[in-house]
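Okay, structure first, notes after.
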Amino acid sequence: MSDTALVNLATVGSDELQAMPVAVFTSALESMSGDAIARFRRMRKLSATHRQALEKFLVEHPDKRPGQQDASDSKGDKKSSPKKARSSETGIVMEGLLRLIAWWEGMDTDDVARAKGVARRKKKKKTKKVKAPVAIQSKTIAQPAAAATAPAAAPEAPVLGRIDIIQKLWGEGFSLPGGPEFAVKLVRPLAFEKDGLYLDLAPGLGGAMRAVAKTFGVTVKGLETDAQLAAAGHEMSVQAGVAATAPVLTRPDGFSADDFAPEGQYAAIFMRETLFAVEDRAAMLALVGRALRDGGSLMFTDFVLARDEIDDDMLVVWQNAEAAPVFPWTEAKYRETLEAQHYKIDRIDDLTAEYLPLIHAGWRHFHDCLQNAKLPPETAAMLMREGNAWLARSRALETGMLRLLHVHALRQPAGIETGTPTEEERGMETELVDAAT
């Protein structure tokens, strides 16, 4: 940590932050904007020493207080006012993205633009001024050499939509961190059978199921409730020539009992980072259990709480940042429910430490691609929401109050190892299945 200029307070771990010398801490604050410092102070727990150092820093640097930097820039920086007065719609979108990166990295927006080599609005306007003298072009219109050199402008950057953005983050054909290697690693403990039935619930763009189908030579059917992701994912399977072995089917109204037919025949069912947003989790697990054959595998990853209560500020921020309501369980709750529904738990692994770098790698890759992208305003707004959600997830995971668990459970016949169910248990399972269907 000798090179203080490289310290990013927004992403350092809690232990590293607690052990950080005051001189390094103060130096790192100098590279952050006022709004970034405000978010940092609100979302991170500081020691008394660091809190005092932060307050002293803000007294000595009043321009770093929230909202002050933009105000001072508009008064003292003559370059900033023309940008605002003459910004185009595309320029506004790029500014929004630069602010997203600055928030993610805990840096000033100008510093991010320079580091990424992104031309801000002023440079775009200069390009338009160069094209402006139409009279000069009209004078030389009869000269072939001049006419040939006139359109020598750089090719326009491609316009990125939602599907493009998702793939820029997580890789071609993927809508979650990790890529094909991580996807295959999750299911490698299974004993795949060439003729076995395999189902992936909420596969997104289907990259993971295509990797599994190709690696193990099996057919995996995907059911996706997001119609846009499903359509794009299935087209990717068609283009890859695996539509028969890795189809992505649209289920915009949710899953039904028919989706799991034939009952009791599936060798394995997969889910990734999906169950935490399912309110009636027990009913969903019961529905999946009915589809699995005896000894069939349920394998999923999910965000779980370290404690029963959401009593940490970072967890509250995470809940509010998710696009839909979340209903996270604890590991103990999963164990209790799975065992009650005649699953035998083979393994539960904590993948948090491995997952966090995958999140950060995806966003770093996207930052590198930003300078060659053009985004419509609606896509930029979506990206801001996506960035907010992933930032909140990673912060919550860093605290240890939220974890990513990898669960492998085997479906057992009633009465085997878990004990014969009572009449009350059978009635409860029937109610759960009815509720899910």
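Between Ile345 and Leu410, the built amide H atoms are under 5 Å apart, and every one of these is 5 or more places off in sequence or on another chain. Maximal additional length on extending the Thr219-Glu339 stretch stands at 40.3 nm, based on 0.36 nm per residue less the C-alpha distance. For the pair segment 196-266 and segment 325-364, the centres of their Cα atoms are 22 angstrom apart. Taking only the Cα atoms of segment 249-313, the ratio Rg/Rh comes out at 1.04, with Rh defined as the Kirkwood radius. Taking all C-alpha pairs of segment 191-251, those more than 13 Å from each other amount to 50 percent. From the phi angles alone, apply the Karplus equation (6.51, -1.76, 1.60; θ = phi - 60°) to segment 314-329 and give each ³J(HN,Hα) in whole Hz, x where the residue is Gly or Pro. For segment 314-329, the Karplus curve yields 5, 5, 5, 4, 4, 4, 6, 7, 5, 5, 10, x, 10, 9, x, 9 Hz. Sorted into 5 angstrom bins from 0, the C-alpha pair distances of segment 289-415 split as 2, 10, 16, 17, 15, 13, 12, 8, 5, 2, 1, 0, 0 percent. Annotation: amide H-H contacts under 5 Å for Trp329 (H modelled 1.01 Å from N, sequence separation of 5 or more, or interchain): Leu305. Computed from backbone phi, the HN-Hα couplings of segment 191-203 come to 9, 6, 10, 4, 9, x, 9, 10, 10, 10, 8, 6, x Hz, rounded to whole numbers (Karplus: 6.51 cos²θ - 1.76 cosθ + 1.60, θ = phi - 60°; Gly and Pro given as x). Rounded to the nearest Hz, the phi-derived 3J(HN,Hα) couplings of segment 8-18 under the Karplus curve 6.51 cos²θ - 1.76 cosθ + 1.60 (θ = phi - 60°) are 10, 4, 5, 10, 5, x, 4, 5, 5, 5, 4, where x marks glycine and proline.
Per residue, the convex hull spanned by the Cα atoms of segment 325-371 amounts to 118 cubic angstrom. For the pair Asp63 and Glu263, a Förster radius of 45 Å applied to the C-beta separation gives a FRET efficiency near 0.10, rounded to the nearest 0.05. Legend: residue pairs Lys214/Lys333; Lys221/Lys344; Lys56/Lys168, Cα-Cα distance threshold 31 Å; pairs beyond threshold, Lys214/Lys333; Lys56/Lys168.
Distance between the pseudo-spin-label points of Asp110 and Ala381 (7 Å out from Cα toward the beta carbon): 3.0 nm.
Taken together, the values in this text are just the output of simple stated rules run on the coordinates, not laboratory data. From a predicted model like this one, the values you see are computed outputs, not experimental measurements. Heads up, the Cβs are rebuilt from the backbone with ideal geometry, glycines too, and the neighbour counts pull from every protein chain shown.
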